[in-house]
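Participant: Pasting in a structure now, in structure tokens, and then I'll have a few things to ask.
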Amino acid sequence: MSKSEISLLDEQLRNRAIGSLDISCGQAIDSTFAFADSVYLEARQLENYESSTTFTDSLLDLHKRYDLLRTMLWFESIDLRAKCKGSFHTVVYFYDYNTDDVTVRARQLFFARALAELKDKNPDSVLLIPIARNMGLESIRVASDDFGIKNSPVIIIDEKTIVYEISSFDEFEKLVLQSNN
């Protein structure tokens, strides 16, 4: 069993524990952020490996597993934020995986840098969830269609605000941090 499969099972059980046991909002949020950070770091390691080798079906499958895991995390965070009265922000970043379009790649790099800075400045209040839209996964297609998303990159803030352009980091950060207010 691969590390991503173990993480997927762990996420399912962690989600059930949060829903079934008497776990406080603080514990649930801390657990969610720790899990999201772990998945983010594992996926970054995968991206570094992918950039140094040719794409194989097994690498593509592994990336799909991480996208499914992040999608599950997103759905869990929606319920958790509702239960815990909006005590953190979800920032879902839809991008295109391994695109050949130079313009899209440049915009994605700009978005990724802004999102990394946002997360670095707000580690305990911003749950960053990057998800590739173009992996052929039905759950991700359905979710992005529900928000009317047709192109990447795009950012969804707290399931309310859709961002296609970032004019300045300060304006973007203000938009995210004031989203639940």
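Participant: Identify, from the list T99, T90, the residue that is under 11 Å from the mean Cα position of the chain (by Cα) and farther than 16 Å from Q27 by Cα. Write out each step before concluding.
Facilitator: Working: T99 fails: under 11 Å from the mean Cα position of the chain (by Cα).
That would be T90, the only listed residue that is under 11 Å from the mean Cα position of the chain (by Cα) and farther than 16 Å from Q27 by Cα.
Participant: So, one more: Return the residue satisfying two criteria in turn: it lies in the stretch 103-135 and is touching a Pro at 6+ places or on another chain (Cβ under 6 Å) and either at pLDDT 95 or above or not hydrophobic (A, V, I, L, M, F, W, C) (or both), and of such residues it is farthest from C25 (Cα to Cα). Spell out how you get there, then give the answer.
Facilitator: Restricting attention to the stretch 103-135, the residues satisfying the condition of being touching a Pro at 6+ places or on another chain (Cβ under 6 Å) are 107-108, 111.
Next, from what is left, pick out any that are either at pLDDT 95 or above or not hydrophobic (A, V, I, L, M, F, W, C) (or both): 107-108.
Working: R107: 36, Q108: 33 Å.
In this case the residue turns out to be R107.
Participant: Of the residues L73, L109, L69, L118, which single one is surrounded by 15 or more Cβ atoms within 10 Å (Cβ to Cβ), in a helix (DSSP H, G or I), among the hydrophobic types (A, V, I, L, M, F, W, C) and over 13 Å from the mean Cα position of the chain (by Cα)? Reasoning before the result, please.
Facilitator: Details: L73 fails: over 13 Å from the mean Cα position of the chain (by Cα); L109 fails: surrounded by 15 or more Cβ atoms within 10 Å (Cβ to Cβ); L69 fails: over 13 Å from the mean Cα position of the chain (by Cα).
Answer to the check: L118.
Participant: Can you confirm whether the stretch 168-177 contains a residue that is closer than 21 Å to N122 by Cβ, in a loop (DSSP other than H, G, I, E, B) and within 17 Å of the chain's Cα centre (by Cα)? Give the steps one after another, and end with the answer.
Facilitator: We begin by selecting, within the stretch 168-177, every residue closer than 21 Å to N122 by Cβ; these are 168-177.
Then drop every residue that is not in a loop (DSSP other than H, G, I, E, B), which leaves 168.
From what's left, within 17 Å of the chain's Cα centre (by Cα): none.
So far as the stretch 168-177 goes, no, none of its residues is closer than 21 Å to N122 by Cβ, in a loop (DSSP other than H, G, I, E, B) and within 17 Å of the chain's Cα centre (by Cα).
Participant: Here's a follow-up. With the checklist (1) surrounded by fewer than 20 Cβ atoms within 10 Å (Cβ to Cβ); (2) among the aliphatic types (A, V, I, L, M); (3) closer than 18 Å to T161 by Cα in hand, flag the one item M135 doesn't pass.
Facilitator: (3)
Participant: Yes or no: the stretch 33-49 includes at least one residue that is crowded, with 18+ Cβ neighbours inside 10 Å, touching a Phe, Trp or Tyr at 6+ places or on another chain (Cβ under 9 Å), modelled with pLDDT under 80 and assigned to a helix (DSSP H, G or I).
Facilitator: yes
Participant: Tell me, please, whether a residue that is acidic (D, E) and either under 20 Å from S125 (Cβ atoms) or at pLDDT below 75 (or both) can be found in the stretch 12-26. Walk me through it before giving the result.
Facilitator: Looking only at the stretch 12-26, we keep the residues that are acidic (D, E), and these are 22.
Within this subset, residues satisfying the condition of being either under 20 Å from S125 (Cβ atoms) or at pLDDT below 75 (or both) are none.
Taking every residue of the stretch 12-26 in turn, none turns out to be acidic (D, E) and either under 20 Å from S125 (Cβ atoms) or at pLDDT below 75 (or both).
Participant: Exactly one condition in (1) surrounded by 14 or more Cβ atoms within 10 Å (Cβ to Cβ); (2) over 23 Å from F33 (Cα atoms); (3) under 17 Å from the mean Cα position of the chain (by Cα) is false for I140; which is it?
Facilitator: Checking I140 against (1) surrounded by 14 or more Cβ atoms within 10 Å (Cβ to Cβ); (2) over 23 Å from F33 (Cα atoms); (3) under 17 Å from the mean Cα position of the chain (by Cα), the one that fails is (2).
The values are calculated or read from the model by the stated rules, or taken from the named source; none is laboratory data. Note that this is a predicted model, so its numbers are computed, not measured. Positions of Cβ are generated from backbone atoms using ideal geometry, with glycine treated the same way; all protein chains shown enter the neighbour counts.
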